[in-house]
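A short write-up of the structure that comes next.
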Amino acid sequence: GIFGALWEMAQRESVGLTVQLKQIPMKQSVVEICNYYDLNPYELLSEGCLLMVAKDGETLADALCENGVEAAVIGTVTGSNDRIIENGEEIRYMDLPKPDQIRKLL
(Lines give C-alpha, C1' and ligand atoms only; values in the text may rest on other atoms or scores of the structure.)
Protein backbone atom coordinates (compact mmCIF):
# COMPACT_ATOMS: atom_id res chain seq x y z
CA GLY A 1 0.00 0.00 0.00
CA ILE A 2 0.90 3.66 0.01
CA PHE A 3 2.22 3.49 3.58
CA GLY A 4 4.58 0.65 2.61
CA ALA A 5 5.75 2.52 -0.50
CA LEU A 6 6.40 5.68 1.50
CA TRP A 7 8.32 3.73 4.16
CA GLU A 8 10.46 1.95 1.57
CA MET A 9 11.22 5.19 -0.28
CA ALA A 10 12.27 6.95 2.93
CA GLN A 11 14.36 3.96 3.98
CA ARG A 12 16.09 3.69 0.59
CA GLU A 13 16.88 7.42 0.43
CA SER A 14 17.71 7.78 4.18
CA VAL A 15 15.23 10.63 4.64
CA GLY A 16 12.26 11.44 6.80
CA LEU A 17 8.76 12.25 5.60
CA THR A 18 5.83 14.39 6.58
CA VAL A 19 2.71 13.18 4.77
CA GLN A 20 -0.70 14.87 4.72
CA LEU A 21 -3.15 11.96 4.88
CA LYS A 22 -6.05 13.99 3.45
CA GLN A 23 -3.99 14.87 0.36
CA ILE A 24 -3.65 11.24 -0.74
CA PRO A 25 -6.18 10.77 -3.57
CA MET A 26 -8.65 7.96 -2.97
CA LYS A 27 -11.82 6.96 -4.77
CA GLN A 28 -14.99 6.98 -2.67
CA SER A 29 -15.75 3.41 -3.72
CA VAL A 30 -12.44 2.27 -2.17
CA VAL A 31 -13.29 4.06 1.08
CA GLU A 32 -16.74 2.45 1.23
CA ILE A 33 -15.49 -1.08 0.49
CA CYS A 34 -12.71 -0.73 3.05
CA ASN A 35 -15.18 0.52 5.65
CA TYR A 36 -17.47 -2.45 4.95
CA TYR A 37 -14.66 -5.01 5.32
CA ASP A 38 -12.81 -3.12 8.10
CA LEU A 39 -9.66 -2.67 5.99
CA ASN A 40 -7.14 0.16 6.04
CA PRO A 41 -7.11 1.56 2.48
CA TYR A 42 -3.60 2.93 2.99
CA GLU A 43 -2.32 -0.61 3.56
CA LEU A 44 -3.85 -2.14 0.42
CA LEU A 45 -1.86 -2.82 -2.73
CA SER A 46 -1.77 0.31 -4.85
CA GLU A 47 -1.23 -1.12 -8.30
CA GLY A 48 -1.07 1.42 -11.08
CA CYS A 49 0.12 4.17 -8.74
CA LEU A 50 3.43 5.99 -8.89
CA LEU A 51 5.20 7.73 -6.03
CA MET A 52 7.53 10.54 -7.13
CA VAL A 53 9.83 12.98 -5.37
CA ALA A 54 10.60 16.37 -6.92
CA LYS A 55 12.14 19.65 -5.82
CA ASP A 56 8.97 21.44 -6.99
CA GLY A 57 6.14 18.99 -6.49
CA GLU A 58 3.41 21.52 -7.20
CA THR A 59 4.77 22.29 -10.67
CA LEU A 60 5.19 18.59 -11.42
CA ALA A 61 1.67 17.76 -10.21
CA ASP A 62 0.21 20.63 -12.25
CA ALA A 63 2.02 19.46 -15.40
CA LEU A 64 0.82 15.89 -14.90
CA CYS A 65 -2.77 17.02 -14.34
CA GLU A 66 -2.65 19.21 -17.45
CA ASN A 67 -1.73 16.06 -19.38
CA GLY A 68 -4.57 13.96 -17.98
CA VAL A 69 -2.65 12.22 -15.20
CA GLU A 70 -4.17 12.45 -11.72
CA ALA A 71 -1.48 13.81 -9.39
CA ALA A 72 -1.24 15.36 -5.96
CA VAL A 73 1.45 16.61 -3.61
CA ILE A 74 0.97 14.54 -0.46
CA GLY A 75 3.93 15.60 1.66
CA THR A 76 7.53 16.61 1.99
CA VAL A 77 10.88 14.94 2.47
CA THR A 78 12.74 15.96 5.64
CA GLY A 79 16.29 15.68 6.90
CA SER A 80 15.29 13.64 9.96
CA ASN A 81 14.53 9.94 10.11
CA ASP A 82 10.96 10.58 11.31
CA ARG A 83 8.11 9.36 9.12
CA ILE A 84 5.14 11.45 10.17
CA ILE A 85 1.51 11.18 9.08
CA GLU A 86 -0.62 14.27 9.68
CA ASN A 87 -4.40 14.00 9.62
CA GLY A 88 -5.69 17.46 10.44
CA GLU A 89 -4.63 18.13 14.04
CA GLU A 90 -3.65 14.49 14.63
CA ILE A 91 0.02 13.66 14.16
CA ARG A 92 1.41 10.14 14.36
CA TYR A 93 4.52 8.27 13.37
CA MET A 94 4.37 5.77 10.55
CA ASP A 95 4.71 2.12 11.58
CA LEU A 96 6.77 -0.50 9.80
CA PRO A 97 4.91 -1.71 6.71
CA LYS A 98 2.34 -4.43 7.34
CA PRO A 99 1.21 -7.18 4.97
CA ASP A 100 -1.44 -6.23 2.43
CA GLN A 101 -4.79 -5.75 4.17
CA ILE A 102 -6.57 -7.85 1.53
CA ARG A 103 -5.09 -10.95 3.24
CA LYS A 104 -7.59 -10.38 6.05
CA LEU A 105 -10.32 -11.47 3.60
CA LEU A 106 -8.57 -14.49 2.11
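Taking all protein chains as present, what is the carbon and sulfur share of the accessible area of the chain, in % to the nearest whole number, probe 1.4 Å?
51
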Rounded accessible area per residue of the chain, 1.4 Å, Å²: 72
Sequence of Y93, Y36 from largest to smallest accessible area, 1.4 Å probe: Y36, Y93
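With an 8 Å Cα cut-off and a minimum separation of 6 or more residues, compute the relative contact order for the chain in percent.
Relative contact order comes out at 46 percent.
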Normalised per residue, the volume of the convex hull around the Cα set of the chain (Å³): 120
Within the chain, longest stretch clear of exposed trypsin sites (Lys or Arg not before Pro) (DSSP loop, no more than 12 other Cβ within 10 Å): 56-106
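The values are calculated or read from the model by the stated rules, or taken from the named source; none is laboratory data. Just so it is clear, the structure is predicted and the values come from calculations on it, not from any experiment. For neighbour counting, all protein chains shown are included, and Cβ atoms are generated from backbone atoms with ideal geometry for every residue, glycine included. For accessibility, only protein heavy atoms count, side chains too; no ligands or nucleic acids. Shrake-Rupley method; radii C 1.70, N 1.55, O 1.52, S 1.80 Å.
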